[in-house]
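To keep things clear, I will list the structure first and then write my remarks on it.
The values are calculated or read from the model by the stated rules, or taken from the named source; none is laboratory data. The structure displayed is predicted, hence computed values, not measured ones. Glycine also receives a Cβ, built like all others from the backbone with ideal geometry; neighbour counts cover every protein chain displayed.
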Amino acid sequence: MRAVWYSLFGPAANVIELGEIETPQPGPGEVRVKLDYSGVNPSDAKARSGSRPGVTKPPYDRVIPHSDGSGVIDAVGDGVDGTRAGQPVWIWNGAWQRAFGTAAEYICLPAAQAVAMPAGLDPQIGAVLGIPGLTAAQTVFGGGDVQDQTLLVSGGAGAVGHNAVQLAKWGGARVIATCSADAMDRVHAAGADAVFDYKDPDLAAKITDASGGIDRAVEVEFGVNTALLGDVMKPMATIAAYGSGKDMTPTLPFGPYLFKALKLDITLIYLLPQDQRESIISRLHDALIAGALKPAIGAVYALKDCATAHEAVMTPGRAGAVLLEV
C-alpha cells in the first residue's frame, strides 16, 4: 500500500517520505479500513517536529502520522461482526500510541475506533470528527447540558472553536466568542451571539457586559487568558481548557479563582474513557443529523503532499481543517 511516514524529527519537507509498504492484516478484535481521507491536526505536526520537551526521537522506527480519518471497512479480524465489512466509518486515535496512523491507504485498529458514520455523511466531514469534533463536543458538553447557560469560546475561528460555537448554540446556550478581527463575521455566522477581537484591550469588560458572566469557557490558550478568565467567569463556573500552546507553564491568579471557586477541566481527547467517548460521539452525530454542525474544511491535499499539509495546519488564520485525500 502507499503510505507516508517519518523516521526522524525535523521540518516536514525534510523528514516525511512517500513510499510502498506491506498492506496490514486485521488481528483479533480489529477492523481494516480502506481510507478515503486522513485528517491532519496541529498535534500531528508538533509530534513530527520533535518539539515536545524531553522527546529526542520518534517512538517507533517508522511513524505513519495522523489520528483522524474516514473510509470503508474492507476486512475484519476474529471476533468482529462480519457485517461490518463495507461499513463507512470515521476513526479516532489512529496514531495515538501506535506506529501506523491514517496517512496511508489502509489502517488496522480496534473495532471500537472505527465509528459507523451517520447515513449520507460526507467522508471529508468524517475525517475531522476525531480530534476537532470530539474535543469541541467534550469541552462544550463534558459537564452536561448547556441549555440556558452562557459559554465563552476562545479561538472561535479555529477548527475546535468553530465546532464548539455551533455545538453550544445547538445545545441551547448563549455563545460569546473571541477570534482575530478578520474572522469575526465567520464566527458570527457559526452562531455566536457576540464576537470580540481577542486583542481588544477592553476584552474582559466587553465579555462581562455582553454576558453578565460566563458559566463555562472553552479555552484554547489557557496560559495567556488566565487573568481574563478570572475576571469574566461566574462563581462556581468551569473552564474547559484544551490548549495552552503560547504559555505551557501558566501563572495562575489564584485569588480570583479561589473566591469564585472556579473549576478547571483539562481535556485531552485521546484519553477520554470509552463510556464518556460514546456519549460525546452520540452528541456529535445528533448535531450532524440535525444539520446544526457543519465542520469547516480549509484545504485538501494529495497524499504525496503530506509535508505541505503539515505546514498548512500550523499556519495561523486558516479557515477550517486540513485533510489528505488518500
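Quick check: anything in region 259-278 modelled with pLDDT of 95 or more, among the small types (G, A, S) and at negative phi? No, that holds for no residue. Of the residues making up region 129-154, those that are of a type outside the set (A, V, I, L, M), in a helix (DSSP H, G or I) and under 16 Å from R174 (Cα atoms) are T139, F141.
Checked against (1) over 22 Å from G245 (Cα atoms); (2) under 13 Å from the mean Cα position of the chain (by Cα), T139 meets all criteria but (1).
To keep it simple, each residue is scored yes or no on (1) in contact with a strand residue (DSSP E or B) (Cβ under 8 Å, 6 or more places away or on another chain); (2) under 26 Å from A173 (Cα atoms).
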position: K260; (1), (2): yes, yes
position: S279; (1), (2): no, yes
position: R283; (1), (2): no, yes
position: D286; (1), (2): no, yes
position: I289; (1), (2): no, yes
position: A309; (1), (2): yes, no
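Test I73 against the criterion of being modelled with pLDDT of 95 or more and not in a strand (DSSP E or B), and give yes or no. It is false that I73 is modelled with pLDDT of 95 or more and not in a strand (DSSP E or B).
Being in contact with a strand residue (DSSP E or B) (Cβ under 6 Å, 6 or more places away or on another chain), at pLDDT 95 or above, crowded, with 24+ Cβ neighbours inside 10 Å and of a type in the set (A, V, I, L, M, F, W, C) narrows it down to one of A136, A157, A181, A111, so name that one. Spell out how you get there, then give the answer.
Values: A136 fails: in contact with a strand residue (DSSP E or B) (Cβ under 6 Å, 6 or more places away or on another chain); A181 fails: crowded, with 24+ Cβ neighbours inside 10 Å; A111 fails: crowded, with 24+ Cβ neighbours inside 10 Å.
None of the others qualify; the one that does is A157.
If only residues of region 51-70 that are part of a strand (DSSP E or B) and either over 26 Å from D305 (Cα atoms) or aliphatic (A, V, I, L, M) (or both) are counted, the one that is nearest to the chain's Cα centre (by Cα) is I64. Among the residues of region 168-216, the ones that are out of contact with any Leu (no Cβ under 8 Å at 6 or more places or on another chain), among the aliphatic types (A, V, I, L, M) and in contact (Cβ under 8 Å) with a residue 60 or more places away in the chain come to 1 in all.
Looking at V195, V165, which one is buried (at least 23 other Cβ atoms within 10 Å of the Cβ), touching a Gly at 6+ places or on another chain (Cβ under 8 Å) and either among the polar types (S, T, N, Q) or not in a strand (DSSP E or B) (or both)?
On the way: V195 fails: either among the polar types (S, T, N, Q) or not in a strand (DSSP E or B) (or both).
Among V195, V165, only V165 is buried (at least 23 other Cβ atoms within 10 Å of the Cβ), touching a Gly at 6+ places or on another chain (Cβ under 8 Å) and either among the polar types (S, T, N, Q) or not in a strand (DSSP E or B) (or both).
A single entry from S38, S70, S51, S43 fulfils the requirement of being surrounded by fewer than 16 Cβ atoms within 10 Å (Cβ to Cβ) and among the polar types (S, T, N, Q): S51.
Note on region 1-35: residues that are over 18 Å from C108 (Cβ atoms) and surrounded by 15 or more Cβ atoms within 10 Å (Cβ to Cβ) amount to 6.
So if I check each of A99, A75, which one is in the same structural domain as L18 (by TED's automatic domain parsing), more than 24 Å from A159 (Cα to Cα) and either in contact (Cβ under 8 Å) with a residue 60 or more places away in the chain or in contact with a Lys or Arg (Cβ under 6 Å, 6 or more places away or on another chain) (or both)?
Going through A99, A75 in turn, the sole match is A75.
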